[in-house]
Amino acid sequence: MHSDLLLVIVVGAALAFDFTNGFHDTANVVAASISTRALAPRTAVTIAAALNFAGAFISLKVAATIGSGIFDTGRITETIVFAGLIGAIAWNLVTWFFGLPSSSSHALIGGVAGAMLAAVGRSGVKGQALIRTVVAPAVVAPVLAFAVAGISILIVYRLVGRRRPGVVTDGFRLGQIASTSMLALAHGTNDAQKTMGVVTLALVAHGSISARHFHVPTWVVISAASAIALGTYAGGWRIIRTVGTRIIKMDIAQGFTAQGAGAAVILASSHFGYPLSTTHVISGGIMGAGAAKRFSAVRWGVAGNIAAAWILTIPAAGAAGALTYGVASIFGTGVLGPILITILALGALGSVFVRRGRAPYPVHA
Amino acid sequence: MIATIVDTGTLGKVILYSLLAGVGVSLVFALGVSSAAGLVDAVRERRTLAGALWGLTTIVCLAGSLAAIVLGVVVMSSK
């Protein structure tokens, strides 16, 4: 009975994380399109939500490998997963509150790593694997996207600079709609699978699924796809405003280049099994598209705040995950700790949303 | 030391192919947009041969862009 209740709480926390992942990362997909007026805000998030949902059904291969390589999966318990999810949700909400784009995947890995360290010590987390699969790509992604978008925008300006603006604007508008759609599909495929993997791991730990016959149940796929799509539709408008208008004042060619080159970088790196964070790629791409036109066009103070959030993501989510595990373990290994933390978290969430309300649609650049 | 932690071979491929794909997609699409603008100008000025060449370039670039989208979906589904 206690084990069943704990499973329900873990699944609920995973879907809540999936929702925050959707609404936190909406900006990566739609901010440039909204900023350049290629798409109206509500149309953009509707397309993004629909394609996030569809993307979740494209592949299930990543879901089967979540955490393998970084964590000693044999020692993961439902309480550790729960604490990691709470840590990731907390960091997603803090960065949303300050309008800072940060990687939800890194928050999840950081949260679970922190809870794992608190629960079983350093032997539970493989440091080299963490650097190889998370830290190194986090350094590469923004620099690579910056360079690709910078080179691309110089070529684009050279090709269309002397053309009549009407056809050019319409053309890049179509290009932005296509690149927005590709990014949304890729985001649904990548990120919904992480939640599916976490829920399936909890089902294995609970004994509902045999570890020898690991598969993702259909209800897990549908619920993860729905949660990320709902989160995307809700729209993290604070982050959309930062990415769309505060880093650079974007023209439609820059918007297309940042998104188009960004999508190409994400998919090219995925092909080699070297997944880069969508957040890092798109933010780096926007900075590159701005800096290539004029270095001072980039608001480097905003860029610095974003970089600081990226550096802090894993340690901060880890600290929140460790703290959550520590508090839960005060009440023993049962379900009481997670129940109390869930009630506390829901109360804190409610008060934040009531006091701050939802930010209005972003102002166009 | 770095090579033991970071897979430099894969990283090199990622950088090369990301540059090729990112710059390539932008180049092909922007060439298509530029050609479409050239086509509109040629039609307006009744330059038939130039219009046909701009139209052909537009179609080729559009096909290239659509092929990139299809390739992207294939990469996503094969992960």
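Name the aspartates and glutamates eligible as straight-distance cross-link partners of A:LYS126: C-alpha to C-alpha under 19 Å, and not fewer than 8 places from it in the same chain.
By straight Cα distance, A:LYS126 reaches A:ASP72, B:ASP7.
Please report how far the C-alpha centroid of segment B:1-64 lies from that of segment A:112-157, rounded to the nearest whole angstrom.
That distance is 28 Å.
Find the all-direction average of the projected area of the Cα convex hull for the protein assembly as shown, expressing the result in square nanometres with one decimal place.
Hull-based average projected area comes out at 21.2 nm².
Sequence neighbours fewer than 8 away in the same chain don't count; with that in mind, list the aspartates and glutamates whose C-alpha is under 12 Å from A:LYS293.
Leaving aside aspartates and glutamates fewer than 8 places away in the same chain, those within reach of A:LYS293 are A:ASP251.
Provide the three semi-axes, in whole Å and in decreasing order, of the ellipsoid equivalent to chain B as defined by the square roots of 5 times the Cα gyration tensor eigenvalues.
Values for chain B, descending: 39, 14, 7 Å.
In whole angstrom, how far apart do the alpha carbon centroids of segment A:185-228 and segment A:246-301 sit?
Value for the Cα centre distance between the two parts: 30 Å.
Based on the Cα coordinates of segment A:217-365, what is the per residue volume of their convex hull in Å³?
Roughly 178 Å³ of hull volume per residue.
Does anyone have the angle between helix B:48-78 and the longest principal axis of chain B? Alpha-carbon axes, 0 to 90°, nearest 10?
Tilt of helix B:48-78: around 30 degrees.
Add +1 for every Lys or Arg and -1 for every Asp or Glu among the other residues with Cβ under 11 Å from the Cβ of A:THR257, and state the total.
Summing Lys/Arg as +1 and Asp/Glu as -1 gives 0.
For every other residue with a beta carbon closer than 13 angstrom to the beta carbon of A:ILE228, add +1 if it is Lys or Arg and -1 if Asp or Glu, then tell me the sum.
Within the 13 Å Cβ shell, the charges total -2.
Under 13 Å from the Cβ of A:SER102, count the other residues' Cβ atoms, weight Lys and Arg +1, Asp and Glu -1, and hand me the total.
0
Using the number of other C-beta atoms within 10 angstrom as an exposure proxy, rank A:VAL221, A:VAL11, A:VAL243 with the fewest first. Walk me through the numbers on the way to the answer.
On the way: A:VAL221 20, A:VAL11 23, A:VAL243 32.
Ordered by Cβ neighbours within 10 Å, fewest first: A:VAL221, A:VAL11, A:VAL243.
Using only the alpha-carbon atoms, how far is helix B:8-44 inclined from the longest principal axis of chain B? Give it as 0 to 90 degrees, nearest 10.
The two axes meet at around 10 degrees.
Applying a 10 Å radius around every beta-carbon, put A:16-26, B:64-74, A:32-42 in order of their mean neighbour count, most first.
On the way: A:16-26: 27.5, B:64-74: 15.5, A:32-42: 22.8.
Result, highest mean first: A:16-26, A:32-42, B:64-74.
Sort A:309-319, A:232-242 for me by packing, meaning the mean count of neighbouring Cβ atoms within 10 Å per residue, highest on top.
A:232-242, A:309-319
With a Förster radius of 30 Å, plug the Cβ-Cβ distance of A:SER123 and A:TRP219 into 1/(1 + (r/R0)^6) and report the FRET value to the nearest 0.05. Intermediate results must be reported in sequence, preceding the final value.
Details: r = 34 Å, r/R0 = 1.15.
Rounded to the nearest 0.05, the efficiency is 0.30.
Could you work out the mean projected area of the convex hull around the alpha carbons of segment A:43-131, in square nanometres to one decimal? Present the calculation step by step, with values, prior to reporting the outcome.
Working: hull surface 28.8 nm².
For segment A:43-131, averaging the hull's shadow over all directions gives 7.2 nm².
Applying 1/(1 + (r/R0)^6) with R0 = 41 Å to the Cβ-Cβ distance of A:ARG294 and A:PHE98, what FRET efficiency is obtained, to the nearest 0.05?
Rounded to the nearest 0.05, the efficiency is 0.95.
None of the figures in this text is laboratory data; all of them are computed from the coordinates on show. Small disclaimer: the values here were computed from a predicted structure and weren't measured. Please note: Cβ atoms are built from the backbone with ideal geometry, for glycine as well, and neighbour counts cover all protein chains shown.
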